[in-house]
Amino acid sequence: MNLILLGPPGAGKGTQAKRLEDACNLVQLSTGDMLRAAVESESEIGQQAKSIMERGELVSDAIMIAMIRDRIQEVDCLNGFILDGFPRTTAQAEALDNMLADMNANLNHVIEMKVEDAILVDRISGRFSCSNCGAGYHDTFQKPVVENVCDNCGSTEFSRRKDDNAETVALRLEAYHAQTAPLLPYYDAQGRLTRVDGMAGIDEVTRQIMSIIETGSWLT
């Protein structure tokens with residue numbers, strides 16, 4: 001089973017992908033992680049990507065597709081994969097479809113996690129993490145049990161990502177709506193797109209996604 005999770009930054013795609021990995025024996029494929037692994041492996045594709053990135057340029061769609069093609073042929077992906085961070089444009093979606101067709105494979109589901117922009121700004125701008133163990137917290141939704149003390153390791157040192165602020169989040173959402181949102185009608189026309197309520201609790205979002213996987217549909 002091959003899946004794509006779509007949704008704006010902060011929608012919870014990473015959290016749900018991890019749950020799907022465990023529940024369905026799938027592999028979450030992050031293009032960022034794949035790029036780093038390819039560069040470290042010094043493979044032909046990795047060397048091409050490294051040269052491009054060292055020049056400060058964006059890695060081409062052709063290289064990204066070739067990298068994904070190699071990755072999904074590895075043994076751990078035999079049961080299927082979850083794509084995280086790709087595709088971002090309609091051109092990438094078309095290239096991905098063509099590559100999968102060449103491999104006699106296809107996407108089973110494309111699931112959009114719908115979340116209102118205002119909620120996302122609150123979600124992301126309130127995030128912080130333990131500087132020692134990386135455990136994640138939120139000013140409103142997930143505070144440490146004891147204020148200023150990590151539940152996991154007891155550290156009192158916390159940090160926030162510099163880009164986790166309202167202004168930067170607004171710009172990231174603007175980019176998402178301009179560039180990635182057009183993927184929705186593309187996959188909708190193929191009959192692969194299904195939507196879930198990304199503003200529901202984490203367990204409820206998981207339940208909705210599992211319903212799609214198990215029954216093939218979800219009423220929205």
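Each value in this text was obtained by applying a stated rule to the coordinates, not by laboratory testing. The structure presented is a predicted model; accordingly, all values stated were derived computationally and were not measured. No Cβ is skipped: glycine too gets one built from the backbone with ideal geometry, and neighbour counts run over all protein chains shown.
Listed values, structure above:
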read-out	value
Order of 162, 50 under a 10 Å beta carbon neighbour criterion, fewest first	162, 50
Whole-number percent relative contact order across the chain, with pairs defined as alpha carbons under 8 Å at least 6 apart	25 percent
Under 21 Å, Cα to Cα: Lys pairs in the chain, sequence gap 8 or more or different chains	5
Within the stretch 22-36: backbone nitrogen closer than 18 Å to the residue 53 label point (7 Å, Cα to C-beta)	29-36
Within a Gaussian network of the chain (alpha carbon springs, distance under 10 Å), most fluctuating of 144, 182, 87	144
Low-density loop cleavage sites - GluC sites (Glu not before Pro) in the stretch 45-104, where at most 10 other Cβ are within 10 Å (DSSP)	57, 74
Spacing of the two label points (7 Å from each Cα toward its C-beta) at residue 214 and residue 75, in nm	3.1 nm
The stretch 140-176-the stretch 19-59 distance, computed between alpha-carbon centres (Å)	26 Å
Listed residues 170, 3, 35: farthest to the positive end of the dipole of the chain (Cβ charges)	170
Additional length obtainable on full extension of the chain from residue 138 to residue 156, 0.36 nm per residue less Cα span	5.0 nm
